[in-house]
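Have a look at the structure below before the remarks.
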Amino acid sequence: MLMAVAGCYATAVSGANADATTEPAATGALEEIVVTATRREESMSRVPISISAFNQDMLDTKGIKDFSDVARFTPGVSFDTSQTNQISIRGINSSGGSGTTGIYIDDVPIQVRALGFNSDDALLKLFDLDRVEVLRGPQGTLFGAGSEGGTVRYITVQPSLTKTSEYARAETSYTEGGAPSYEAGIAAGTPLIDGVLGVRVSAWYRRDGGWIDRIDPTTLAVVDKNANRDDTTVLRVAALWQPTDALRITPSILYQNSQRNDVTIYWPEYSDPSKDRYVSANPTPRPEPDKFYLPALNIQADLSSSVTLISTTAYFHRDEVSGYDGTLYNLGYYQTLGTVDFPLLDGSGVHLPPGLQNYRAPASVTNQQSNVTQEFRLQSTDPAARLSWTVGAFYSLDRQYSLEEIHDPMADAFFNQELGENIATFFGTALNPDGSSYLPMGDSYFNRLVSHDRQIAGFGEANFKLTDTLKLTAGVRVSKTTYNIESLSGGPQNSGPRPGTQQNSETPVTPKAGIEWQVDPNNLYYFTYAKGFRSGGGNPSIPYDPTYQNPNIGCTQDFLNFGIPHAPATYKSDSVQSFEVGAKNNIENRVRLASSIYYIKWNNIQGNVVPPICQIQWTDNLGNAVSKGFDLQADFQVTDALAIESAFGYTDARYTKNAFPSGAITTGPNPPLPLVVTGDAVAGPNGIGTGYSIPPYSVTIGMEYKFHAFAHESFVRGDYEYLAGDKWVHPALDPATSSYDPTGLPTARQAFASLRAGTTLGGWGVSLFVDNLTDTHTIVNYNHQTNSYDANGNLLASPAYRFISYRPRTFGITATFRH
């Protein structure tokens, strides 16, 4: 059957075992999906982990294209819509330091460290995947550093040695008020030598049409219609060579190239969402090219009938350019410096003085990852054995490069006209030997960072059957991590040139223990204790006047307001301890439940401190928090034709301790305000986006009805997602904190609906769909200039908001082919 069965339990077995699928369930019953969350193949209902999984049928039937769509169907998961691609699982997420969610392509980690400004994780497009797995809760034993909140795994389709298969997908759609979108992809696999050598090749291209027009902020003329379009190409080649029954060698290479023309953000004063008119007045375009390639080599050797050795060698290389609008940043910053013509930037738009109406200062942030990883695993393979085990060793060397620049060729003209002296003289910065105000490339600000993360770890996990129904699990991972960062900062805005070098090393230990009770084949209960961590690191040198006499130099005034002498040179690792009770129940193969309750202690949280005046951020350890809640997935096969899927999540993630920047003097007659206060929600500077909360409640409901139309298997399904708004105040909205932003906006409740109907025609499946059925334009995130304040924190101008919303209502048709 071409279309997916209802629920998250369709059969899917990957790789060399693809021919050994489980027996199909009875007609109309829910089916299983096989996952590798424990690094071995198991039915999802038998895995004592809170997990959601989606195979390719499910991805197609639900119209899932990338992780932003996956998050809509997964309880306890939030995805940052402000385009940092940060994933929060169970409230564990931070804008600073290493990633809190492990992200894997097969067995290769690819997550990024928040090195400089605007670092973001690679977002893999979902074509020709065997499945996507989302593991909730810390996975520090088997998946290592960064898997604090959980782990996301993209599992690719492996070559077959016995079967030829093809998969193709094409789609075209139209967005109200925007441009068309379209895609085409094909994948095929075949044995070249039956039983010995097989290959699989795939190629996919997609154009996402834009729906936001960019205008000139002075003339208001459209300069780029449907500017937020982007193009993505994905290519993959994999081979499987099995020279003997005991040896399987799988080389592969994956390539993805995404070219975003401009960001998806609009200005409310020029837009009318009720009429699907979205306009951006950003003075400069924000293209975001992002490409990566991942060659990998997997070797599996059966050392005996019950022991297998697995080796995974990989190199992940990524080049990306992101950034922010440097013109808007500069205008908001410059109007705080002296007697400029106010306001340069406020809630009604950009106001450039006569003679400076062509002022532009585009900013860019170049990010690069070069990650080498090697893992060896030795594991038992006898499913009937009383003791099953996995031991392994892991090594990684991750190099990251970040270059943040503000290209400001008109800065002297601006400063001479508005402040009576050039920019270098104003900031008192010695720049170039020839006395010019700029760096050779015309930058007024730059910050170059190069870091190296080195990690070597040994890990092991064992499962022991006390009885036929009772099993104990114990595991531990011991890691040795070292980190160093080299920085070079310069430009009059950054008080340079200023080099710096920092380093850090630690030896974290992450244990795991659990007990599971398989009462009968349909009911599993479990308890798990697990610890997770992410590595510490170092900061670049933050500019300031060591005499504290000139508040215009770097972050001097911010340091005075925070009550600290300077920013910390390094920050330590943080860790979580998770306690989880869960159950998986199957009632007559018509009702399937997966539920869990959790309590997570998060200590020494890594987060970014964003000073409100200088806006040059650094990373610090900022207090403790507790996240507690539950998630429930409930799928019902009501009749042979009607199925209902549902997912419910509740997350209460709040700080348990006031947090100050390192080195703050918190006593005396005028102590500084804390960055966060006990009871604040984990969000704002240490959460997703620009101050938006992690939703406390989430509900997803999907209904699918199957029928025959002219003898063709057909279906109609609808999906609905609801996210609650703020329940607890977060630091950016708490007047008792120094993070308080009086112009911050609360998080609105969100609802999103989609409808899809399709039929099968031989090997083809054709479906019509409507996304954002109600054409909602709820603000799901926002950005605004927070630095239009004087040294005393007084607001100089109303903020210039930029909003992010859902893509307007979109109609389309999808065709898939499988053979």
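The values are calculated or read from the model by the stated rules, or taken from the named source; none is laboratory data. Note that the structure is a prediction, hence the values are computed from the model and not measured. Every residue, glycine as well, gets a Cβ built from its backbone with ideal geometry; the counts of neighbours run over all protein chains shown. These area figures cover heavy atoms from the full protein model, side chains too; ligands, DNA and RNA do not enter into them. Shrake-Rupley method; radii C 1.70, N 1.55, O 1.52, S 1.80 Å.
Here the stretch 693-744 and the stretch 487-515 have alpha carbon centers that stand 35 Å from each other.
Return a whole-number percent for the relative contact order of the stretch 183-226, with Cα pairs under 8 Å and 6 or more residues apart as the contact set.
Details: 56 pairs, mean separation 13.0, N = 44.
For the stretch 183-226, the relative contact order is 30 percent.
Can you tell me the order of 555-562, 772-779 when each peptide is scored by its average per-residue count of other Cβ atoms within 10 angstrom, highest first? If you can, show how the numbers build up before the last one.
Working: 555-562: 22.1, 772-779: 16.8.
Ranking, from highest mean packing down: 555-562, 772-779.
Of the residues Ala361, Pro409, Ile804, the one whose Cα sits farthest toward the positive end of the charge dipole of the chain, with +1 on the Cβ of Lys and Arg and -1 on the Cβ of Asp and Glu, is Ile804. Given R0 = 35 Å, the distance between the Cβ atoms of Ser798 and Arg749 translates into a calculated FRET efficiency of 0.85.
Expected output is a single nm value to one decimal: the length gained when fully extending between Asp382 and Asp302, i.e. 0.36 nm times separation in residues minus the C-alpha distance. What is it? Intermediate values should be presented prior to the final figure.
On the way: separation 80, 0.36 × 80 = 28.80 nm, distance 1.19 nm.
Answer, rounded to one decimal: 27.6 nm.
Setting aside same-chain residues fewer than 8 positions from Lys531, which aspartates and glutamates have a Cα under 13 Å from its Cα? Counting by Cα, and skipping residues close in sequence, Lys531 has these aspartates and glutamates nearby: Glu148, Asp574, Glu580.
What does the charge count around Pro735 come to, taking other residues whose C-beta lies under 12 Å from its C-beta (Lys +1, Arg +1, Asp -1, Glu -1)? Walk me through the numbers on the way to the answer.
On the way: positive: none; negative: Asp680, Asp734, Asp741.
Its environment carries a net charge of -3.
Provide the packing ranking of 52-60, 175-183, i.e. peptides ordered by the mean count of other C-beta atoms within 10 Å per residue, highest first.
Values: 52-60: 23.6, 175-183: 18.2.
Those peptides, ordered most packed to least, come out 52-60, 175-183.
Between the listed residues Phe127, Gly137, Thr100, the Cα displaced farthest toward the positive end of the dipole of the stretch 75-213, a dipole computed from Cβ unit charges relative to the Cα centre, is found at Gly137.
Using the Cβ atoms and a cut-off under 14 Å, what net charge is assigned to the surroundings of Ile92, where Lys and Arg are +1 and Asp and Glu are -1?
Values: positive: Arg90, Arg136, Lys531, Arg534, Lys601, Lys628, Arg654; negative: Asp80, Glu148, Asp574, Glu580, Asp631, Asp652.
Computed value for this residue: +1.
Of the residues Leu356, Leu761, Leu768, the one with the largest accessible area comes first in the ranking Leu768, Leu761, Leu356, computed with a 1.4 Å probe on protein heavy atoms. Rounded to the nearest 20 debye, the dipole size of the chain about its Cα centre is 1480 debye, using +1 on the Cβ of Lys and Arg and -1 on the Cβ of Asp and Glu.
Within the accessible surface of the chain, defined with a 1.4 Å probe on protein heavy atoms only, the carbon and sulfur portion equals 59 percent. Cross-link partners for Lys657 among the aspartates and glutamates, with Cα-Cα distance under 13 Å and sequence neighbours closer than 8 places in the same chain left out: Asp680.
Rounded to the nearest 500, the helix-only mean residue ellipticity at 222 nm of the chain stands at -1500 deg cm²/dmol, with each DSSP H run of n ≥ 4 adding -39,500 (n - 2.57). Packing, as the average of other Cβ atoms within 10 Å across residues, places the peptides 143-150, 362-369 in the order 143-150, 362-369, highest first. Considering all C-alpha pairs of the stretch 111-201, those separated by over 21 Å amount to 58%. Towards the positive end of the charge dipole of the stretch 288-440, with charges on Cβ (+1 Lys, Arg; -1 Asp, Glu), say which of Ser396, Thr336, Leu352 has the farthest Cα. Going by the Cα projections, it comes out as Ser396.
When the convex hull of the Cα atoms of the chain is projected onto a plane and the area is averaged over all directions, what value comes out in nm²? Spell out each step's value before the answer.
Details: hull surface 133.2 nm².
So the mean shadow area of the Cα hull is 33.3 nm².
Just how large is the dipole of the stretch 461-571 about the Cα centre, in debye to the nearest 20, putting +1 at every Lys and Arg Cβ and -1 at every Asp and Glu Cβ? Intermediate results must be reported in sequence, preceding the final value.
On the way: 8 positive and 8 negative charges, 45 e Å.
Here the stretch 461-571 has a charge dipole of around 220 debye.
Among residues other than Lys512 whose Cβ falls under 12 Å from its Cβ, what is the net charge (Lys/Arg +1, Asp/Glu -1)? Numbers along the way, then the final one.
Details: positive: Arg477, Lys531; negative: Glu461, Glu580.
Net local charge, Lys512 excluded: 0.
The Cα atoms of the stretch 572-652 give a gyration tensor whose axes a ≥ b ≥ c have a/c of 1.5 or more with a/b greater than b/c, which makes the shape prolate.
Derived scalar couplings between HN and Hα for the stretch 414-422 equal 5, 5, 4, 6, 9, 10, x, 7, 6 Hz in order, rounded to whole Hz, by the Karplus curve 6.51 cos²θ - 1.76 cosθ + 1.60 (θ = phi - 60°), x for Gly and Pro.
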